[in-house]
Amino acid sequence: MARRRLPPPPVSDEAAMTPELETKSMFSLGGAPAFNRPPVARVAAESAAESALRDVSAELASLRAEGRMVLRLPLEVIEDGWLIRDRIATDPEDMAALTDSLRAHGQRTPIEVAELAPGRFGLISGWRRMVALRSLAPEDARFASVLALVRTPETSAEAYVAMVEENEIRAGLSYWERARVVARAVAGGVFGSDRIALQRLFASASRAKRSKIGSFLGLVTALEGILAFPAALPERAGLELARALEADPTLPDRLRAALQADPPATPEAEQSRISAVLSGHRRAPPPARQVLGPGLWLEAKQGRITLGGPSVDAAFRARLEDWLAAQA
């Protein structure tokens with residue numbers, strides 16, 4: 001006997017308006033209803049996400065402002081000459097080694113820059129790396145950009161200090177280069193005097209080292225543009241030349257004449273010419289009598305200096321004795 005299937009019971013209007021029971025398939029993977037999240041929970045979730053995003057943005061901004069975030073910048077947005085560079089000479093072998101290392105392994109150490117304007121940066125340190133990258137960029141697009149830390153020096157003086165300190169640590173400058181950056185910084189109004197520039201730029205150097213840089217400062221003032229290889233001038237030869245310049249103001253003109261007559265092709269040749277000029281300076285006997293004025297001269301003889309002449313009378317001696325007493 002076949003069973004008769006009964007029709008489903010009628011659905012009342014009230015039951016038709018009641019939603020179906022929720023099943024597992026109606027839940028999202030997170031366990032909350034995908035279609036019926038409470039408004040308060042949704043607002044709280046969105047607020048938490050926005051707060052997290054703000055925190056991340058603030059942390060990134062802080063890292064960038066403090067110079068702890070490495071950026072990749074196109075080479076063309078970096079102004080190499082923003083600061084007057086302290087390094088004026090590079091060893092060809094060292095540069096070749098640096099270029100080969102970058103070609104094989106890429107850039108490992110970031111340069112340091114300061115943001116001059118939106119999208120424009122001035123180079124603080126890393127000049128040798130920039131030179132090497134610019135030489136490699138035409139052969140490989142990988143080198144068209146540079147890894148950089150953005151610093152925020154408050155003054156130009158701080159930027160110069162950072163540049164000098166980086167070069168002193170990585171590869172020492174010559175005494176000429178050290179003195180040259182002092183002279184350029186003072187001439188550019190970054191520091192008020194040579195003494196202040198020396199103290200600020202080489203604060204970690206010993207007093208003796210700063211004194212030697214100061215001696216070379218006189219060479220930079222007198223001989224820049226005359227010497228072809230100034231950065232190759234050894235410390236001892238430079239100090240001797242500085243002393244000779246103090247004793248003989250005509251020495252720069254004689255050096256210029258000697259070097260222009262037969263321009264040296266190498267640093268060694270230039271130093272040989274300088275030595276020859278200094279040897280002539282040393283051989284020249286000092287004048288036996290130096291005229292100070294009408295009827296007044298100094299004589300140097302057997303280690304004694306004598307002041308003489310018709311003007312040395314009793315009144316003059318009295319004035320001289322009074323002056324000498326005032327100096328004591």
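Using only alpha carbons, build the gyration tensor for the range 95-179 and give me the equivalent ellipsoid semi-axes, biggest first, whole Å. Could you put the intermediate results ahead of the total?
Details: eigenvalues 108, 66, 18 Å².
After scaling each eigenvalue by five and taking roots: 23, 18, 10 Å.
In terms of modelled amide H atoms, which long-range or inter-chain residues lie less than 5 Å from the amide H of Ile124?
Glu112, Val113, Ala114
Can you give the Rg to Rh ratio for the range 174-278, taking only C-alpha atoms and Rh from Kirkwood?
Rg divided by Rh gives 0.99.
With +1 assigned to the C-beta of every Lys and Arg and -1 to the C-beta of every Asp and Glu, and no other charges, what is the dipole magnitude of the range 135-261 about the Cα centre in debye, to the nearest 20?
On the way: 16 positive and 15 negative charges, 67 e Å.
With Lys and Arg at +1 and Asp and Glu at -1, about 320 debye.
Listing Arg207, Arg180, Arg108, Arg103 from the residue with the fewest other Cβ atoms within 10 Å to the one with the most, what is the order?
Ranked by crowding around the Cβ, least crowded first: Arg207, Arg108, Arg103, Arg180.
For Ile226 and Asp100, what does the FRET efficiency come to when R0 = 45 Å and r is the distance between their Cβ atoms, rounded to the nearest 0.05? The partial results should precede the final answer.
On the way: r = 35 Å, r/R0 = 0.79.
After rounding to 0.05, the efficiency reads 0.80.
Quick one: if you stick a label point 7 Å off each Cα along the C-beta vector at Leu320 and Ala300, how many nm between them?
Going from the Leu320 label point to the Ala300 one covers 1.8 nm.
Since every read-out is calculated from the coordinates, none of them should be taken as a lab result. The model shown is predicted, which means the values in this text are computed figures rather than measured ones. Here Cβ is always computed from backbone atoms with ideal geometry, including for glycine, and neighbour counts include all displayed protein chains.
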